[in-house]
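J.: Starting off with a structure, shown below.
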Amino acid sequence: MNVRVYETKNSVATHFAAFLEEEIRGREEYHMALSGGSTPRILFEELSKTDRYKIDWKKVYLYWGDERCVPPNDEESNYKMTVDHLLRNVPIPEENIHRIMGENEPSVEALRYGILLERELPSGSGIPVFDMVILGMGEDGHTASIFPHEIHLWDSEQNCEVATHPESGQKRVTITGRLINNSKEVAFLVTGAGKADKVQSILGKSQGYRQYPAALVEPVSGKLSWYLDAEAASALQSLNSD
């Protein structure tokens, strides 16, 4: 596990954007699952600086790790956030963008998207393989849209499942642990003081830490990185910061 700590969420975004630029360079194809949230939004704005980041977007294929079951023009849509802060600013072909259709009936969409991932992604051990899965983590320790009260969804044999937000009851479509842990690389982007306790529990492997879905992220490749700002890392001990 690689843990990197930066002073601000903007610094998290700039360092991760530079890392992505280097990763994509030289690849014939790069298949990446995106996350929603405030930190990815800053990352997307950073990647939109095409004068700074020389990314060949024709070979980048974008997917989503989860999506709220809302129309694509809804303010809560992860897809809309990505359009507003990244897609409209970079020369990526439309056919390279594979969104979760949040306007569809959730169970039907979970099945459809799971089949799409089987079709579009390379396969490893019979499971679709992303080059990169970008994850966030909620203050409750959830990741993608797998929440602690539905942690059983992590071990689903399906590529995608329908999740329910514990407070609002909103339905979401999420990829499952079998895909996340089969990715060539996984990166958490976690910022904010409200997440410090869960970061400490998971990275410090405190008693009961595996009740949090984010603790179950263990890619078979061994390539797992945590990009933290100083606030999110504030409860950690003996970590070097960049």
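The values are calculated or read from the model by the stated rules, or taken from the named source; none is laboratory data. Model, not experiment: these values are computed from the prediction. Cβ coordinates were reconstructed from backbone atoms using ideal geometry, including for glycine residues, and neighbour counts include every protein chain displayed. All accessible areas refer to the heavy atoms of the entire protein, side chains included, with ligands and DNA or RNA removed. Shrake-Rupley method; radii C 1.70, N 1.55, O 1.52, S 1.80 Å.
J.: State yes or no: is Asn96 open to solvent by less than 60 Å² (accessible area, probe 1.4 Å), out of contact with any Phe, Trp or Tyr (no Cβ under 6 Å at 6 or more places or on another chain) and of a type outside the set (Asp, Glu)? Outline the logic, then answer.
T.: On the way: open to solvent by less than 60 Å² (accessible area, probe 1.4 Å): yes; out of contact with any Phe, Trp or Tyr (no Cβ under 6 Å at 6 or more places or on another chain): no; of a type outside the set (Asp, Glu): yes.
Spelling it out, it is not the case that Asn96 is open to solvent by less than 60 Å² (accessible area, probe 1.4 Å), out of contact with any Phe, Trp or Tyr (no Cβ under 6 Å at 6 or more places or on another chain) and of a type outside the set (Asp, Glu).
J.: Only one of (1) within 20 Å of Val186 (Cα to Cα); (2) in contact with a Ser or Thr (Cβ under 7 Å, 6 or more places away or on another chain) is not met by Leu86, so which one is it?
T.: (1)
J.: Of the residues Ser38, Ser48, only one is in contact (Cβ under 8 Å) with a residue 24 or more places away in the chain, in contact with a Ser or Thr (Cβ under 9 Å, 6 or more places away or on another chain) and within 20 Å of His15 (Cβ to Cβ); which?
T.: On the way: Ser48 fails: in contact with a Ser or Thr (Cβ under 9 Å, 6 or more places away or on another chain).
Every option except Ser38 fails the conditions.
J.: Could you check Tyr79 against (1) under 18 Å from Ala110 (Cβ atoms); (2) in contact (Cβ under 8 Å) with a residue 40 or more places away in the chain; (3) open to solvent by 10 Å² or more (accessible area, probe 1.4 Å) and say which number it fails?
T.: Evaluating Tyr79 over (1) under 18 Å from Ala110 (Cβ atoms); (2) in contact (Cβ under 8 Å) with a residue 40 or more places away in the chain; (3) open to solvent by 10 Å² or more (accessible area, probe 1.4 Å) leaves (2) as the failure.
J.: Name the single residue that is farthest from Val83 (Cα to Cα) among those in segment 1-54 being charged (D, E, K, R) and crowded, with 16+ Cβ neighbours inside 10 Å. Outline the logic, then answer.
T.: Let us first name the residues in segment 1-54 that are charged (D, E, K, R), namely 4, 7, 9, 21-23, 25, 27-29, 41, 45-46, 49, 51-52, 54.
After this cut, where a residue has to be crowded, with 16+ Cβ neighbours inside 10 Å as well, the list is 4, 9, 23, 41, 45-46.
Working: Arg4: 28, Lys9: 21, Glu23: 22, Arg41: 10, Glu45: 11, Glu46: 14 Å.
Checking each candidate, the answer is Arg4.
J.: Looking at Glu118, Glu105 in this structure, which one is surrounded by fewer than 17 Cβ atoms within 10 Å (Cβ to Cβ) and either in contact with a helix residue (DSSP H, G or I) (Cβ under 6 Å, 6 or more places away or on another chain) or farther than 19 Å from Pro72 by Cβ (or both)?
T.: Within the list Glu118, Glu105, the selection yields Glu118.
J.: Then there's this: Checking Arg68 against (1) under 16 Å from the mean Cα position of the chain (by Cα); (2) within 29 Å of Ala232 (Cα to Cα); (3) surrounded by fewer than 18 Cβ atoms within 10 Å (Cβ to Cβ): exactly one of these is not met. Which one?
T.: Condition not satisfied by Arg68: (3).
J.: Sticking with this one: Residues to consider are Ala214, Ala187; find the one that is in contact with a strand residue (DSSP E or B) (Cβ under 6 Å, 6 or more places away or on another chain), in contact (Cβ under 8 Å) with a residue 40 or more places away in the chain and under 24 Å from Cys69 (Cβ atoms). Spell out the reasoning first.
T.: Working: Ala187 fails: under 24 Å from Cys69 (Cβ atoms).
Within the list Ala214, Ala187, the selection yields Ala214.
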